[in-house]
Amino acid sequence: MTADSFYEEVIIAGFGGQGIILAGKLLAQTAMKAGKEVTYMPSYGAEVRGGTANCMLVIADEPVASPVVNRPDSLIAMNKASFKKFAPKIKPGGLLVMNSSLIDEKPELDETIRILAVPADELAAASGTPKVANMVVLGAYLQKKGLFDADAAARSLPDVLAKRHYEMLPVNTEALHRGREFAEKNAQ
């Protein structure tokens with residue numbers, strides 16, 4: 001890997017039913033369409049809905065040697081348990097995007113870590129359904145990192161969303177844009 005090549009390790013975490021796996025797939029698909037090398041490794045408990053769910057992604061300019069992420073550059077935490085488990089592992093200078101609708105704690109992290117607290121559940125409800133909070137935080141993450149834009153992610157949605165859920169494409173797209181707009185307005 002050269003000094004100027006791109007390399008980003010991400011963990012997206014929450015509980016089953018929050019769309020963690022879908023958000024990870026969408027980020028991976030968006031990155032691949034942009035010509036990046038990507039590894040994607042989902043993990044979820046046997047109980048799925050209500051259990052733990054997370055996925056690890058590595059996005060790079062060059063081939064990725066391992067899909068395992070121990071110290072992420074970025075964490076998207078959708079609930080308090082995931083926040084407590086993964087936030088201490090964020091690399092200095094990293095990014096934490098957290099769902100402030102479910103995480104009411106003030107993070108005590110390295111002072112170089114950028115924090116974006118997104119009221120994802122409320123913004124999702126304003127999009128028409130609370131089910132798209134995952135898209136809200138993903139849109140906020142994309143805006144904050146400047147990797148890809150919400151429109152690129154929206155164009156990748158049909159590739160990762162099951163055809164039986166295509167009626168949700170507009171609301172998912174709106175949620176991505178709401179997250180982007182929130183991050184724009186709350187830039188640090």
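So here's what we get for this one:
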| quantity | calculated |
| --- | --- |
| Mean ellipticity per residue at 222 nm, deg cm²/dmol - from DSSP H runs of n ≥ 4 across the chain, formula -39500 (n - 2.57) | -11500 deg cm²/dmol |
| Neighbourhood net charge (9 Å Cβ-Cβ; Lys/Arg +1, Asp/Glu -1) for Asp159 | +3 |
| Where GluC sites (Glu not before Pro) in DSSP loops with at most 16 other Cβ within 10 Å are excluded, longest remaining stretch of the chain | 112-188 |
| Cut-off 11 Å between beta-carbons: net charge of the residues surrounding Asn134, Lys and Arg +1, Asp and Glu -1 | +1 |
| 28 Å tail of the calculated P(r), the chain, as % of Cα pairs | 16 |
| Beta bridges by DSSP in the chain, antiparallel share as percent, to the nearest 5 | 55 |
| Magnitude of the charge dipole, segment 79-188, Cβ model with Lys/Arg +1 and Asp/Glu -1, debye to 20 | 340 |
| Phi to ³J(HN,Hα) by Karplus 6.51 cos²θ - 1.76 cosθ + 1.60 over segment 6-19, Hz, x for Gly, Pro | 7, 8, 9, 9, 10, 10, 10, 9, x, 10, x, x, 8, x |
| The chain, dipole about Cα centre (Lys/Arg Cβ +1, Asp/Glu Cβ -1), debye to the nearest 20 | 400 |
| Entries of Lys33/Lys80; Lys25/Lys84; Lys84/Lys144; Lys25/Lys185 with Cα pairs more than 30 Å apart | Lys33/Lys80 |
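Read the figures in this text as sums done on the coordinates, not as results from a lab. These numbers come from a predicted model, not from an experiment. Cβ atoms come from the backbone with ideal geometry, glycine included; neighbour counts cover every protein chain shown.
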